[in-house]
Amino acid sequence: MKILMVAIPNHHFFQWVNQLEKSGHEVYWFDSTDGGPEVSRISWVKQIKSWKLRWDFPFRSAIKKQLPKLYTSIQKYNERKVSTVFKQKLNEIQPDIVHCFEMRLAGFPILEVMEKSPQLKFMYSSWGSDIFYYKELGVQETQFKRFLSRVDYIITDCKRDFKIAQTNGYNHEGYSVIIGNGGLAIDFESIQTLSERQIIMIKGYEDGVGKALEIIKALELLPVALIKDFEIVIYSANILVKEYVEDSSFFAQLKVKIFERGQFVANSELLKIMGKSIIHVANSLSDGLPTSAVEAMGMGAFPIQSNPGKVTEEVIINGINGFLIEKPNDVEAIANLIKTAIENKQMRARAQEYNVHFVQQNYNRTQLQQEIINLYQRVKLN
């Protein structure tokens, strides 16, 4: 079977597509943003890249930087449209299925072409805030419903988003709830015991949707004595978070390590840090299933996670195997959750045992692989 994937370059997408490596399917990837060179970690996939520019003219980067208005004018004629190139590749490849990942950057640009090929199976995997927060992300309701009405099969990472899709134009019975990266490979050797854990881990997204600064400010409300023996690790940190922490007299008293957003950190390295962490804290106004929280749970860190649209409660029972942040802007409430989690070792011990088993049972990458492979065959036949 020929499968044409449409996606931006993304870690979760690469993990998903690698589940098909030994499936016997012929897999293509159309990079909808044409960002960067070919990706070696999916070298077995036929990658459609370097399609955007008609002519990569001399000194292009210098003109873009020094003469932006001129560059914009040139690019109006020099850049090919996504839909034009996608249509050409569609005709060349003649795929059995088109599968797009994420709606705004991968789905919308090819929608018109897919509408003109109604017989072609069209799968869609929603990501993050794609469905739950679509209005706030600037997507018109008519455009949202139009897109969903063309989709033949939808994959969401939580039950919440499928229900929203049903009420907004998705009219097929076929759907799957599968974690967006195709499953987790837990490194059991890196899961440390409770007494060995010496890290407080924080996801540093602060981008309008991500609310990491509220976590940082919550820590400042705690007694230094409570956390002085722990290392604070902040990953995927926006510049606002980095600057706030570096300017804080409170954090100057503590051991802090910051990985900036955009700074490459291997997923295996993050998992090892999670395996050394007592808690993992992440906070946002919108999300799908919080993959990072599930990874942290699988590595035994106690999760403290926001619950937009009640999505996180699909995996966290508040007070049992983690804490739910119900008010992302309530710094005091977040501080109380962190304090309680640090002080209650018995609760964390029970949660660690439960969560490692739960993630292994429900998100095991090896177990999900055959389900994902079979899914494409099922979609083709229906």
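The values are calculated or read from the model by the stated rules, or taken from the named source; none is laboratory data. What you see is a predicted model, and the numbers here were worked out from it, not measured in a lab. Note: ideal-geometry Cβ built from the backbone for every residue, glycine included; neighbour counts use all protein chains shown. Accessible surface areas use protein heavy atoms only, side chains included; no ligands, DNA or RNA. Shrake-Rupley method; radii C 1.70, N 1.55, O 1.52, S 1.80 Å.
For this structure, a couple of remarks:
- Evaluated at q = 0.13, 0.14, 0.15 Å⁻¹, a Debye calculation over the C-alpha positions of the chain (equal weights, vacuum) places log10 I(q)/I(0) at -1.12, -1.24, -1.35.
- Compared with the dominant Cα axis of the chain, that is its longest principal axis, helix 345-362 is turned about 20°.
- Accessible area per residue for the chain, computed on protein heavy atoms with a 1.4 Å probe, is 47 Å².
- Near K276, once Lys and Arg are set to +1 and Asp and Glu to -1 for all other residues with Cβ below 15 Å from its Cβ, the sum equals -2.
- Solvent-accessible area, 1.4 Å probe, carbon plus sulfur percent, for the range 152-242: 51
- Rounded to the nearest 20 debye, the dipole size of the range 154-277 about its Cα centre is 200 debye, using +1 on the Cβ of Lys and Arg and -1 on the Cβ of Asp and Glu.
- Mean Cβ count within 10 Å, highest first, over the residues of peptides 293-301, 268-276: 293-301, 268-276
- C-alpha long axis of helix 82-93 to longest principal axis of the chain, angle in °: 70
- Residues N168 and E269, FRET efficiency given R0 of 45 Å [Cβ-Cβ distance, rounded to 0.05]: 0.70
- Subtracting the Cα-Cα distance of E243 and Q360 from 0.36 nm times their residue separation leaves 38.4 nm of extension gain.
- Share of carbon and sulfur in the accessible heavy-atom surface of the range 74-127 [1.4 Å probe, %]: 48
- K22/Q143 FRET efficiency (R0 22 Å; Cβ-Cβ; nearest 0.05): 0.05
- Here the range 188-363 carries DSSP beta bridges of which approximately 10% are antiparallel, counting only pairs with both residues inside.
- Farthest toward the positive end of the dipole of the chain, out of I316, H280, I48, is the Cα of I48, where the dipole comes from beta carbon charges about the Cα centre.
- DSSP bridge orientation in the range 190-287 - percent antiparallel, rounded to nearest 5: 10
- Rounded if a/c under 1.5, otherwise prolate or oblate - the range 150-230, Cα gyration tensor axes: oblate
- The heavy atoms of T366 offer some 110 square angstrom of accessible surface to a 1.4 angstrom probe.
- Spacing of the modelled spin labels on S50 and L381, each 7 Å from Cα toward Cβ, amounts to 4.0 nm.
- Prolate/oblate/rounded call for the range 188-363, Cα gyration tensor, a/c under 1.5 rounded: rounded
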